[in-house]
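Student: This is the structure I want to talk about, given as structure tokens.
The values are calculated or read from the model by the stated rules, or taken from the named source; none is laboratory data. Predicted, not measured: the structure shown is a model, and the values here were computed from it. Cβ placement follows ideal geometry from the backbone for every residue including glycine, while neighbour counts extend to all protein chains displayed. What goes into the accessible areas is simple: the full protein's heavy atoms, side chains included, and nothing from ligands, DNA or RNA. Shrake-Rupley method; radii C 1.70, N 1.55, O 1.52, S 1.80 Å.
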Amino acid sequence: MNLPGTICINAEGHLQVGDCDVVELARTFGTPLYIYDEEGIREKCREYHRALAAHYPKYKVLYASKAFSSLAMCRLMEQEGLGLDVVSGGELYTALAAGFPQGKIYFHGNNKSIEELNLALSAGVGYIVVDNPWELENLAQLAAGRKSRIKILLRLTPGIEAHTHHYIQTGQLDSKFGISLVGDAALEVVKRALELPCLELAGIHCHIGSQVFASESFRLAAERMVEFMAEVREETGQQLAELNLGGGLGITYTENDRPEPIAAFIHGIATAIKEACARYNLPLPTLLLEPGRSLVGEAGIAVYRVGAIKEIPGVRTYASVDGGMADNPRPALYQARYRALVANKADAPRVQKYTIAGKCCESGDILIEDIELPRLVPGDLIAVLSSGAYQYAMASNYNRLPRPAVIAVAQGRAEVIIRRETYSDLIRYDRIPPAWEKDATLPAVM
Ligand SMILES: *Cc1c(COP(=O)(O)O)cnc(C)c1O
């Protein structure tokens, strides 16, 4: 098995990451446990930088923080020279609390509230990615009220169908996101934005989907976007400075996933933009990319402890673990597939087929269906690979399960970056109305 980053199997046959033995980590920090390979993430950031620097004159890389937003991750991304995407007041607050430079934050979202826009303006966020005409008017009014000027990008839907699950396709015509490039709507919004003195139209944005394997759809999107930039110049005289092509490069979840390497993917996009700009005689815009999954996904490992094992002869064998859909809803949400190892016998032969079930009260709480593993016994550790993106970020407290701890490991050191929730965390927002207190007289029912 081809393992990413610093993940490997050590002399004891245990899974190892960042020079730390995963069996030891599970003992020290408990399970379920989310482990991030710090060097693995840093290396992906550097791959983006290197490839862009090699193939394109002006660029910015932004981390799409929704993949995994936390104080430590914001800090790491700042250290690696990335900007940051946020999609809500909460992600923005996290970035600000981490001391992330406001000017390098891009605020996305198809339904930002007035409170969120105000928070962004107060914080001095660099750019608002405006999704629709209603937001444009709201933002203009708020900025005018503050006598401030704010840079914006317009989110457009280029009408490209990325080859991925339709829940994570976003660039097609029928999408809740952005302004369609089909018809005149986008040009109308550009013209309106140019009329509004407190808004500075810096460029345009699109994001065609996620877990996309080939740069083909990105190249098509790039061509459509450059064509639109030419149309804008033609109709308004305005030359747009920034072209943001979103995120979406896929990662390896199973052996069947063959994402294009970052360097080839970027080369493909850069070439498409250069060719299209030459065709329309446009100066090259600054290219922005917003990867989320491809920066942090493969660097994450989710570790669970096996409990009950149930063999249904002739049908299947369930191995239940101490986490599941509460910490990782992706399999239930869109049939996501994973590969896994047994961390305490990572090099043992895979001799039996198991279905790894979560502990939530839902039959659909299955983490992995039909995976060949070494023979399992209660207490074994299942390590699910590529667990760094859209897992902890989507975790819930369903069944009142406390959210797991998240640690970062490098060079033999492990640091908690999000502590494990406790039972008392689970009830911290609960309130009992005074009339329901134990000594209160209950109204008679029936
Ligand atoms: C989700 C999202 C991204 C990141 O997508 P990945 O597939 O994680 O790379 C980037 N930009 C926007 C606007 C997004 O919504």
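Student: I need the peptides 400-412, 208-220 ranked by packing, meaning the mean over residues of other C-beta atoms within 10 angstrom, with the highest value on top.
Tutor: 208-220, 400-412
Student: Quick one: which of 314-320, 295-301 comes out on top by average Cβ neighbours within 10 Å, and what's the full order, highest first? Provide the component values of the computation, followed by the final result.
Tutor: Details: 314-320: 14.9, 295-301: 29.0.
Answer by packing, highest mean first, reads 295-301, 314-320.
Student: Which residue, 2, 83, 360, has the largest displacement toward the positive end of the dipole of the chain when charges sit on each Cβ (Lys, Arg +1; Asp, Glu -1)?
Tutor: 83
Student: Within 11 Å, Cβ to Cβ, of residue 11, how many net charges do the neighbouring residues add up to if Lys/Arg are +1 and Asp/Glu are -1?
Tutor: Within the 11 Å Cβ shell, the charges total -3.
Student: Would you pull out the residues with amide H under 5 Å of residue 417's amide H, same chain only if 5 or more places away, H placed 1.01 Å from N?
Tutor: For residue 417, whose amide H was placed from the backbone, the distant partners under 5 Å are 406, 407, 408.
Student: Output the pairs from 176/274; 58/104; 176/359; 66/147; 112/151 with a Cα-Cα distance over 25 Å in this structure; if there are none, say none. Before the final figure, lay out the partial values.
Tutor: Details: 176/274 30 Å; 58/104 15 Å; 176/359 34 Å; 66/147 31 Å; 112/151 16 Å.
As for pairs spanning more than 25 Å Cα to Cα, those are 176/274; 176/359; 66/147.
Student: Simple spin-label model, 7 Å along Cα-to-Cβ: residue 370 to residue 437 in nm?
Tutor: My value for the distance between the label points is 5.9 nm.
Student: Taking 0.36 nm per residue of sequence separation and subtracting the Cα-Cα distance, how much length would be gained by fully extending the chain between residue 114 and residue 427, in nm to one decimal?
Tutor: Values: separation 313, 0.36 × 313 = 112.68 nm, distance 2.98 nm.
Computed gain between residue 114 and residue 427 is 109.7 nm.
Student: Right, here's the next one. What is the Å³ per residue value for the convex hull set by the Cα atoms of region 38-295? Walk me through the intermediate numbers first.
Tutor: On the way: hull volume 29.4 nm³, N = 258.
Cα convex hull per residue, to the nearest whole number: 114 Å³.
Student: Turning to a different aspect of this structure: Give, in nm to one decimal, the length gained when the segment between residue 351 and residue 257 is fully stretched (0.36 nm per residue of separation minus the Cα-Cα distance). Working shown, then result.
Tutor: Details: separation 94, 0.36 × 94 = 33.84 nm, distance 2.32 nm.
Residue separation times 0.36 nm, minus the Cα-Cα distance, leaves 31.5 nm.
Student: Where Lys and Arg each count +1 and Asp and Glu each count -1, what net charge lies around residue 191 among other residues with Cβ under 11 Å from its Cβ?
Tutor: In short, -3.
Student: Taking the Cα atoms only, what angle lies between the long axis of helix 185-195 and the longest principal axis of the chain, rounded to 10 degrees?
Tutor: Roughly 60 degrees, rounded to the nearest 10.
Student: Then there's this: Accessible area of the chain with a 1.4 Å probe: how many percent of it is carbon plus sulfur?
Tutor: C and S atoms contribute 52 percent here.
Student: Please calculate how many Å² of accessible area region 38-295 carries per residue, with a 1.4 Å probe and no DNA, RNA or ligand atoms counted.
Tutor: Here the per-residue accessible area is 40 Å².
Student: Another question, if that's okay. Could I have the simple spin-label model distance between residue 134 and residue 318, label points 7 Å from Cα toward Cβ, reported in nm to one decimal?
Tutor: It works out to 4.3 nm between the two label points.
Student: Test of understanding: what is the full-extension gain from residue 79 to residue 334, defined as 0.36 nm times their sequence separation minus their Cα-Cα distance?
Tutor: Extending this stretch completely gives an extra 88.5 nm.
Student: At 1.306 mPa s and 10 °C, plugging the Kirkwood radius over alpha-carbon pairs of region 70-123 into Stokes-Einstein gives what diffusion coefficient in µm²/s?
Tutor: 143 µm²/s
Student: Continuing with the same structure: State the three equivalent ellipsoid semi-axes of the chain, derived from the C-alpha gyration tensor as the square roots of 5 times its eigenvalues, in descending order and whole Å.
Tutor: Numbers: eigenvalues 333, 161, 79 Å².
Taking √(5λ) for each eigenvalue gives 41, 28, 20 Å, largest first.
Student: Would you calculate the separation in nanometres between label points at residue 279 and residue 54, each defined as 7 Å from the Cα along the Cα-to-beta-carbon direction?
Tutor: Between residue 279 and residue 54, the simple spin-label model gives 2.6 nm.
Student: For residue 200, which sequence-distant residues (separation of 5 or more, or a different chain) have an amide H within less than 5 Å of its own amide H, given hydrogens modelled in the peptide plane?
Tutor: For residue 200, the qualifying residues are 150, 151, 152.
Student: Could I ask something else about it? Give a residue-ordered list of calculated ³J(HN,Hα) values for region 140-146 (Karplus: 6.51 cos²θ - 1.76 cosθ + 1.60, θ = phi - 60°; whole Hz; x for Gly, Pro).
Tutor: 4, 5, 5, 5, 4, x, 9
Student: Beta carbons within 10 angstrom, averaged per residue: use that to sort the peptides 3-12, 431-440, highest first.
Tutor: 3-12, 431-440
Student: How about residue 310: which aspartates and glutamates have a C-alpha closer than 16 Å to its C-alpha, ignoring those fewer than 8 places off in the same chain?
Tutor: Output for residue 310: 322, 365, 369, 370, 372, 380.
Student: Continuing with this model, one more query. Looking at region 38-295, what % of its DSSP beta bridges pair antiparallel, to the nearest 5? Write out the running numbers ahead of the final one.
Tutor: Working: 1 of 31 bridges.
Of all bridge pairs located within region 38-295, approximately 5 percent are antiparallel.
Student: Using θ = phi - 60° and the Karplus relation 6.51 cos²θ - 1.76 cosθ + 1.60, list the HN-Hα couplings for region 245-261 in order, rounded to whole Hz, with x at every Gly or Pro.
Tutor: 9, x, x, x, 4, x, 10, 8, 9, 10, 4, 6, 7, 10, x, 5, x
Student: Quick one: what are the phi-derived ³J(HN,Hα) couplings along region 269-277, Karplus 6.51/-1.76/1.60 with θ = phi - 60°, whole Hz, x for glycine and proline?
Tutor: Once θ is set to phi - 60°, the couplings for region 269-277 become 5, 4, 5, 4, 5, 4, 5, 5, 5 Hz.
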